Structures are given as C-alpha cells and as structure tokens.
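Student: The structure is given below, and queries will be raised subsequently.
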Ligand SMILES: Nc1ncnc2c1ncn2[C@@H]1O[C@H](COP(=O)(O)OP(=O)(O)OP(=O)(O)O)[C@@H](O)[C@H]1O
Ligand SMILES: [Mg+2]
C-alpha cells in the first residue's frame, strides 16, 4: 500500500496552507440510500483537488450539497476561508456568498436560451428585461468570455443548438465569469464531453487560475488527467472517504484499487471474426454531414472503430446509418437489402441500435423509471392486446439492472435519480436488450467508472461473439484500440487509413493528427 492518509483531520488546516475549502462530516441519505456518510475533506487555497469514485459513490451528491441544491442530513459544515455554513441549511444563495461556483454534471444551462441569457443569470444582470445599455454590456462580456475560452459561437446562439463540447465550455466560462467573487470552482466531470485539445486547454487554464489563488474541486473518471491536474485526491466508495492524499503519492494502480474496492475486471476475449461471412452492414459511397464518399463493411461478430477529431464526421456516419440524419448520397445494405432509413424507427425495426453521444439530450426519458428506460426500444414485447404487461416488464427491468450492475434504489426509481454513469449503463442495457444485428456506439463509456467500463466491454464482447456487429466511435483511444478489430481514420470527412493489424494508441493518434 502507498502512504495514503486515510482521512484528513477535519477542520485542521496545515500551517503552511491557507484553507480554501473545508468540508466536515457531511452526511446525506435519499430514503434508504446513504449517498454520503460523514464525508470530510480539505482543500488548500490555490490547490486543485480531485474527487474520485465509482458510479454512484456520491461525488455529484457532495457537489450538489456544496451548491445548496441538496441539504445534508446531519451536523456537517461547509467552510470557505473564514466563512462557514451548516451543511443542513445551505442554500444556493449561501453557497454563492461563500464564493463557491459550479459546473454541474448536467451542466445546468437553460437550453432554450441564448448563451448571453445563460450568462446573464450568473453575471449579476438579474431580471429578464434588460435595458439596451445592459444588453450591450452583457453581449460584450459574453463575447469576451467566448473569446477567452476560444469558443466558436455567438452570444445570441441558442445553447441547445451547440455541440456538447461547446455547451460544456459555455458552462465553464459562465462559472468562471465573476472571477472577483469566486473562491472555489467545483467542476463535476467537466471533460466528459470534451475532445482532447479542448481538454488540455481546460486543464491548462485550471492550473493557471489555481496559480492565481482560485481553489478547485474536480470530479473525473479519467485518471491520466487527474495525475496531470490535481495536487491531491479524495476517493469515495459507497459514500465513504476511503482514501485521501497527495496525487504524487498515489499510483494509478492504487487509485483503481481504492475506486473499485478490488472489483476484478473481466478480461475480454473474443474469437476472430468469421472470415467469409456475408457483411452485417455494407456502406457504399456514403455522404452525410461532413462525410463524403465513404465505403466500408462490417461482418457479423466484428467491431469496426472510427477514429477522428471533433468535426471529422464520426457521429454523422452513425446517425446517417440510423436514419437520424439525411444522407446526401450512397447506399447502406443491411441483411442483404439496400436500405435508406428516413426515421430511426425504421432502423430499429431492421435490427439496428444506436447509443448516442449525449445521453441526456438524445437518450434518456428523464421522467420515466429505470425499467421503462431499459425496455423503451421494445415495449411491444411486454404488450398484450394494447396494454403493457407491467409485471413482466418489471421483472425484466430487475434482471437487467442486476446484470449491468446498475446502482439504483429499485428498478422502478426514476432514472433521473441515478448517477450519470449508471444512466449510461441503462442506455446500453436498452440497446443490447434488442439483440441488434448492428449496434452503433457513440462514446459508449463516457462518464463510466474504470470498473464498470471493463464490465461494459465484456458485455459488448459477448454480444459480438454471438454475432452482433458493432461500429464504435470513441475519443478514448485505449477503448477504441482495445475493442476494435479494425479502425478507420477519418479526417475532415475522408477516410484516410484503415488499420487492421498492429493497432496501437500511438499509431491511431499520429494518423488522426497528421497534417494535410
Ligand atoms: N435525487 C435523488 N434521489 C434518490 N437517490 C439519489 C438522488 N441523487 C442521487 N441519488 C443516489 O445517490 C447515490 C450517489 O449518486 P451520485 O450522483 O452522487 O453518484 P456519482 O458518484 O456522482 O456517480 P457518477 O460517477 O455515475 O456520476 C446513487 O446511489 C444515486 O442513485
Ligand atoms: Mg456524478
């Protein structure tokens, strides 16, 4: 074991360090679920502290208590510098007056409003009807924020029309906008939707702002980025602090062990693809979105990876095949028949599934139960003479919840009460449940913890062994290379390479970034 401090003495600031944020004995229960159990942590001013833990371990719950969205159950306290509030009465207003600022996992942007109006909500512009002078100044400040974060968008653009990565950057820019009064910035999986270059830019600006004295708490499942940006880490497991200490003293293996509690990941082993089998899908001269004239095929039992930078057209290919985006040209042959789906419903009937890039915008029915979300793609199975056989549906939901280790108080709980990573597992369960001939995966393990990621890979692996074909888009090159039999490198809508042997992360990254 490494020299992990297994719990920082609560409320005892180190002599060399000004306390930035001190959390003492915070407990939170939702019904019978204890999400946090007497959690304490301390972050020195100007330090970057990473909060780690598996899906459902309590990270976002702690973030929401810090934000005053939830109140704690016991006697806990939140302190920033000299100011403290009881964690049981904290409100959004008292949190803000402590100097705490947030980027939540679900971003908390108003999707139907413009960037400028989202910005107004925190920038002290208050009311809805702004005078022309205020509007002018709001737009100027929004423009400055967009320039500072190199966001390619206009203050008047509506948030729901922006790419997920840009939405994240807007939320971060908004949280950082009142630099004078902000003391602690809490970022809940800020890089989840960000591509590599935007991630490294964000990590650099976090380090710069920390050098200026701003304190950071950052939630992440990406251990490489934690090692890069964080001075210290705290690991939660089932709502308890199981480890806490300087990042330099915790190896990656230590962190994985603390996060998973020694849960063993199932190694993936697959038979080679059946040579000579008729392709599950054949794509000829496909033109969709930025993609032009792309051809490939995928055999049953094969996983095809697509690598490329943001904007290269990766998601467009999946959406085009799925009938969610109109094709400009080309032909898709599935099960021996040439198909051009006008609607995802037609694709689903033809045996195709799509796990979309953004689970909250494209995947989940937030007001429905976990079970209803899992069975959503094939409710007919549970329907008899028009009415749903609820008991059968519920038994099925319980089975899938257990199989996918979805952490939920019950299979009937609203999916909105699940942690982000567990919502992602439910969407995967939904599509694997339809036994598709072809499964399209767009960033399938985004926000999923290291243990569950291996489990999901194993589940995908066994469906593939049984003959399912997969096309996967992932910015996580480890994942892409681990899973794929072949990888297409896509650059500005063109396939520049097809790698089928000696797949390595280094090779794929080099080809993706190659100039030209
Ligand atoms: N509003 C709620 N009602 C009921 N249970 C909840 C609610 N919010 C969270 N929980 C439960 O509390 C536990 C902790 O969830 P939390 O969202 O804090 O996890 P997390 O560590 O952020 O996970 P992830 O990495 O997946 O985002 C989970 O079991 C979750 O289902
Ligand atoms: Mg979370």
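Student: Please work out which one of (1) buried (at least 22 other Cβ atoms within 10 Å of the Cβ); (2) within 16 Å of ligand 1 (Cβ to nearest atom); (3) modelled with pLDDT of 95 or more is the condition residue 306 fails and give its number.
Tutor: (2)
Student: Check off (1) surrounded by 23 or more Cβ atoms within 10 Å (Cβ to Cβ); (2) touching a helix residue (DSSP H, G or I) at 6+ places or on another chain (Cβ under 8 Å); (3) closer than 30 Å to residue 252 by Cα for residue 439 and give me the number that stays unchecked.
Tutor: Checking residue 439 against (1) surrounded by 23 or more Cβ atoms within 10 Å (Cβ to Cβ); (2) touching a helix residue (DSSP H, G or I) at 6+ places or on another chain (Cβ under 8 Å); (3) closer than 30 Å to residue 252 by Cα, the one that fails is (3).
Student: Another question, if that's okay. Within the range 58-168, which helices (runs of 4 or more DSSP H) (wholly inside it) include 2 or more residues that are more than 16 Å from ligand 1 (Cβ to nearest atom)?
Tutor: 92-98, 115-122, 132-148
Each row is one residue, and each column tells you yes or no for (1) without any contact (Cβ under 8 Å) to a residue 40 or more places away in the chain; (2) assigned by TED's automatic domain parsing to the domain that holds residue 142; (3) within 29 Å of residue 144 (Cβ to Cβ).
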residue: 68; (1), (2), (3): yes, no, yes
residue: 72; (1), (2), (3): no, no, no
residue: 76; (1), (2), (3): no, no, no
residue: 79; (1), (2), (3): no, no, no
residue: 85; (1), (2), (3): yes, no, no
residue: 88; (1), (2), (3): yes, no, no
residue: 95; (1), (2), (3): yes, no, yes
residue: 104; (1), (2), (3): no, no, yes
residue: 118; (1), (2), (3): no, yes, yes
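Student: Out of (1) outside the structural domain of residue 27 (by TED's automatic domain parsing); (2) at pLDDT 90 or above, what's the single condition that is false for residue 272?
Tutor: Tallying (1) outside the structural domain of residue 27 (by TED's automatic domain parsing); (2) at pLDDT 90 or above, residue 272 fails exactly one: (2).
Student: Can you spot a residue in the range 190-198 that is at pLDDT 85 or above, in contact with a helix residue (DSSP H, G or I) (Cβ under 8 Å, 6 or more places away or on another chain) and more than 16 Å from ligand 2 (Cβ to nearest atom)?
Tutor: No, the conditions are met nowhere in the range 190-198.
Student: I need a count of the residues in the range 24-57 that are near ligand 2 (Cβ under 10 Å from one of its atoms) and assigned to a strand (DSSP E or B).
Tutor: Residues meeting the conditions: 2.
Student: Could you check the range 411-433 and list, in sequence order, the residues that are over 21 Å from residue 53 (Cα atoms) and either within 11 Å of ligand 1 (Cβ to nearest atom) or surrounded by fewer than 17 Cβ atoms within 10 Å (Cβ to Cβ) (or both)?
Tutor: Result: 412, 413, 414.
Student: Tell me the residue from 388, 472, 384 that is modelled with pLDDT of 85 or more and either more than 16 Å from ligand 1 (Cβ to nearest atom) or more than 22 Å from residue 367 (Cβ to Cβ) (or both), please.
Tutor: Result: 472 is the single residue among 388, 472, 384 that is modelled with pLDDT of 85 or more and either more than 16 Å from ligand 1 (Cβ to nearest atom) or more than 22 Å from residue 367 (Cβ to Cβ) (or both).
Student: Could we say that residue 236 is touching a helix residue (DSSP H, G or I) at 6+ places or on another chain (Cβ under 8 Å), within 16 Å of ligand 1 (Cβ to nearest atom) and assigned to a helix (DSSP H, G or I) here?
Tutor: Judged against the criteria, residue 236 is not a match.
Student: Take the range 204-225 and flag every residue that is over 18 Å from residue 46 (Cβ atoms) and either without any contact (Cβ under 8 Å) to a residue 12 or more places away in the chain or assigned to a helix (DSSP H, G or I) (or both).
Tutor: Of everything in the range 204-225, those that are over 18 Å from residue 46 (Cβ atoms) and either without any contact (Cβ under 8 Å) to a residue 12 or more places away in the chain or assigned to a helix (DSSP H, G or I) (or both) turn out to be 223, 224, 225.
Student: Let me ask something else about it. Which condition does residue 210 not pass, out of (1) in the same structural domain as residue 36 (by TED's automatic domain parsing); (2) touching a helix residue (DSSP H, G or I) at 6+ places or on another chain (Cβ under 7 Å); (3) at pLDDT 85 or above, if it passes all the others?
Tutor: (2)
The values are calculated or read from the model by the stated rules, or taken from the named source; none is laboratory data. The structure displayed is predicted, hence computed values, not measured ones. Please note: Cβ atoms are built from the backbone with ideal geometry, for glycine as well, and neighbour counts cover all protein chains shown.
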